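Undergrad: Have a look at this one.
Just so it is clear, none of the values below were taken in a lab; they were calculated from the coordinates. As the structure is a computational prediction, the values presented were derived from the model and not from experiment. All Cβ positions, even for glycine, are placed from backbone atoms using ideal geometry, and neighbour counts span all protein chains on display.
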Amino acid sequence: MPSIRPPARKTLFGLAASTIAVASLTVAPTQALAAAHDDMPVHQCWVNDALAPPGPVVYGTEANDRIECENDIENTTVYGAGGDDYIRVKGLVTDSQVLGGEGNDYVQTSDLYPVNGSSTVRGGNGDDTIVVGAVHGTTSHGATVYGDMGNDKITTGSVNGTPGDHQRGGGQVFGNDEADVIKTGMVDWGGRLLGGSGNDVIEAKGVGAETGGTIQGGPGADAIRGTGDTLLTVGPAWGVVDGGADTDNCKAMVAYDPARSPRGMIGNCEVGVVTQETTNTNTPAAAPQQGMTLLRNSLRGWGRANS
């Protein structure tokens, strides 16, 4: 009886090895293309009614420009350069920068939502108006708004991080130099708001309601309060309000939850209303009243005693 010849089996193995090799060659370029696509600039922008050419930077001119981007921008820098520019990005700002440059610019974007890098909006030198959606950062990828030099008006949605990133990595808003007006949504999940130098007005929906957030006035006679000149609620989680140097006016209250020790903190507020509220009406009133007295003595009293 004739036996099965080994070369046939070797041929099968050889065919399988060749198939794997071809598959590997097919997958490798695909993965390389996918990686390259992650860094590819994506935008659909017009500069003064002319479609901006493909590339990582959308340039304005030294004159007054109108720059509009219809969709999300990714891995792209939008730069107004000189002049009083109008810049609007209607989609997300992902791993991208939007820079007003010199001049009194108006900059408006949707949410800052970094994925692989950072997302930034900067006003540049001049009295700028900046309007941004949510400022959402993480521990690995920052989302930041800067007013830079000038008397800026900054309005944003919530300034926050990702659940789990309680202490660091949240979105950040900086007024920087001179007298700024900053209005935001909730500052939480590691979010931070800093007025910078100058007499700033800071309004926020709340700070540190879930995990933690910080509002700092910085140098200058600042006013820190809630949305629409209401009481700013601090806590009941790790919310912090710090007026900073000089005489600051804070209209704020620490949310007190008798189920846990008070965590919200208000400091360096020499003028204004600093109170404490209870979030659990089933607890006897003595405990929150004692906490309110201690808070007032420690946070309101020291400024007057040292004046």
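Undergrad: Can you list the trypsin sites (Lys or Arg not before Pro) in region 165-215 that are in a DSSP coil and have 13 or fewer other beta carbons within 10 angstrom? Could you put the intermediate results ahead of the total?
TA: On the way: sites: R168, K183, R192, K205; in loops: R168.
Taking region 165-215 and a limit of 13 other Cβ atoms within 10 Å, the loop trypsin sites (Lys or Arg not before Pro) found are R168.
Undergrad: Measure off 7 Å from each Cα along the Cα-to-Cβ vector at W46 and T247, then give the distance between these two points in nanometres to one decimal.
TA: Using points 7 Å along Cα→Cβ, the separation is 5.2 nm.
Undergrad: Once label points are set 7 Å from the Cα along Cα→Cβ at both T162 and K90, what is their separation, rounded to one decimal in nm?
TA: Distance between label points: 3.0 nm.
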